[in-house]
Amino acid sequence: MTTRGYVAHEASAPLVPFEFSRRAVGPRDVAFDVLFSGICHSDIHQVREEWGPSIFPMVPGHEIIGVVTSVGADVTKFAPGQRIGVGVFVDSCRTCDFCVRGLQQYCRAGVTPTYNGRDAQGEPLFGGYANQFVIDQDYAVTVSEDCDLAGAAPLLCAGITLYSPLKHFGAGPGKRVGIIGLGGLGHMGVQFAHALGAHVTVFTHSASKEADARALGADDVVVTHAPDAVATSGGHFDLIINASSADLDINPYLKALTTDGVFCFVGISGHPFSFDPSLLIGGRRHITGSAIGGMVELQEMMDFAATHGIASQVEVIEASAINEAYERTVASDVKYRFVIDATTF
Ligand code: NAP
Ligand code: ZN
Ligand code: ZN
């Protein structure tokens, strides 16, 4: 069956309509009609080779929601008609210690990415900007029947990328959490941190986002990254997550951490950052990073979001608007995630 999607044929090229075939449905595979596909800033970084060389032709997309159309003979987790979600990876080695612990995102052999990777035959893997998908059942999650599907798509990357470090680093009652950048990732982080019971401060360079930040659950909003403003934000943060796609001076934020506080990168600008080690030494502070989440945590996050009524705020677009959406995302002009209506591919 022919799959219709959108492709970048070479680095930084505009995305254009594209027809291709998905693999045949194997015994453990699930085929589904894609309904919504989110646009993550990582799609843009990779189309534009901002992280180094990419694989072309590239069909991006790793926030994918759909409805199952058929299943292989050994599939037990899904049945036709059921809602399904796929995120940033579609396979991993399954045998290393991290895979066994459900931390597939840190697989020793490296995950098989949803796109910008190759299949066993060496052919490029095509992602979610398409009307159909085929996935091994172990690398897909179930999606609540109650949730809004467009608003659920960004959970598959943006949602899990913030949920995982918030949980790992103990966001909860009595903890002060800072979120830098109110974009696709950041606006999920605010909602999750608030739902977990933490005190949440948003740091944004967009004055137009202040009211939204509060509505999403922020207790405080700082509308600049200027060192003076960061310094007067109350400080003593237990955890600051940098969800910005841009290069920032992180030193004021390190200074704003409490003793043993954690500064966690999730944003990946593609450039190195510099910091003053005395800011770490003085308060035994930590700089770390976090990648998406494993399959167990991905399902946990989907269920947590459904239970707490957490979803992405989305602008649903037609496929023909993808290139314009890329420009607007780069300009921080989206509230807060573009999601493609997959019936328009
Ligand atoms: P996004 O929706 O474009 O949001 C990024 C935010 O960064 C913007 O909304 C803006 O927030 C801030 N920003 C952008 N340009 C800026 C500038 N010039 N100066 C200051 N701030 C600026 O992107 P996203 O999809 O949330 O992704 C964020 C980053 O995380 C990207 O680098 C992406 O590749 C990365 N990512 C990492 C993982 C992981 O597993 N670690 C997973 C997914 C994505 P304000 O307007 O509020 O300032
Ligand atoms: Zn992503
Ligand atoms: Zn592994």
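The values are calculated or read from the model by the stated rules, or taken from the named source; none is laboratory data. All values reported here derive from a predicted model rather than from experimental measurement. FYI the Cβ positions are ideal-geometry reconstructions off the backbone, even for glycines, and counts take in every protein chain you see. The protein model used for the area step is the full one, side chains on, heavy atoms only, and it has no ligands, DNA or RNA in it. Shrake-Rupley method; radii C 1.70, N 1.55, O 1.52, S 1.80 Å.
For the chain, the 222 nm mean residue ellipticity estimated from helices alone, with every DSSP H stretch of n ≥ 4 adding -39500 (n - 2.57) and the total spread over all residues, rounds to -6500 deg cm²/dmol. Against the criterion of solvent-accessible heavy-atom surface with a 1.4 angstrom probe, His236, His199 sort, most first, into His236, His199.
Whenever you get a sec, compute what percent of the accessible area on the range 159-289 sits on carbon and sulfur atoms (1.4 Å probe). The C+S portion of the solvent-accessible surface of the range 159-289 is 54 percent. Of the peptides 186-197, 13-24, the order by per-residue mean of other Cβ atoms within 10 Å, starting with the highest, comes out as 186-197, 13-24. Residue by residue, the range 12-19 carries 3J(HN,Hα) couplings of 6, 5, x, 7, 9, x, 7, 10 Hz when phi is fed to the Karplus relation 6.51 cos²θ - 1.76 cosθ + 1.60 (θ = phi - 60°); x denotes Gly or Pro. Remark on Ile317: its backbone amide H falls under 5 Å from those of Val339, Ile340, Asp341, a criterion applied only to residues 5 or more positions apart or on other chains, H modelled at 1.01 Å from N.
Comparing Cα centroids, the range 70-106 and the range 112-149 end up 10 angstrom apart. In terms of its Cα atoms, the chain spans 59, 39, 37 Å along the principal axes, sorted from long to short. Within straight-line reach of Lys255, meaning a Cα separation under 17 Å, sit the following aspartates and glutamates at least 8 residues removed in sequence or on another chain: Asp228, Asp238, Asp276. Rounded to the nearest 10 square angstrom, Cys93 shows an accessible area of 50 square angstrom against a 1.4 Å probe.
Put simply, when 30-40, 70-80 are sorted by average Cβ atoms within 10 angstrom per residue, most first, you get 30-40, 70-80. Can you classify the range 159-289 as rounded, prolate or oblate using the Cα gyration tensor, where a ≥ b ≥ c are the square roots of its eigenvalues, rounded means a/c under 1.5, and otherwise it's prolate if a/b beats b/c and oblate if not? Rounded shape, in that the Cα axes give a/c under 1.5.
Hydrophobic, long helices, defined as DSSP H runs whose alpha-carbon span along the helix axis is 18 Å or greater and whose mean Kyte-Doolittle value is at least -0.5, occur in the chain at 295-308.
Per residue, the chain exposes 40 Å² of solvent-accessible protein surface, assessed with a 1.4 angstrom probe and all protein chains in place.
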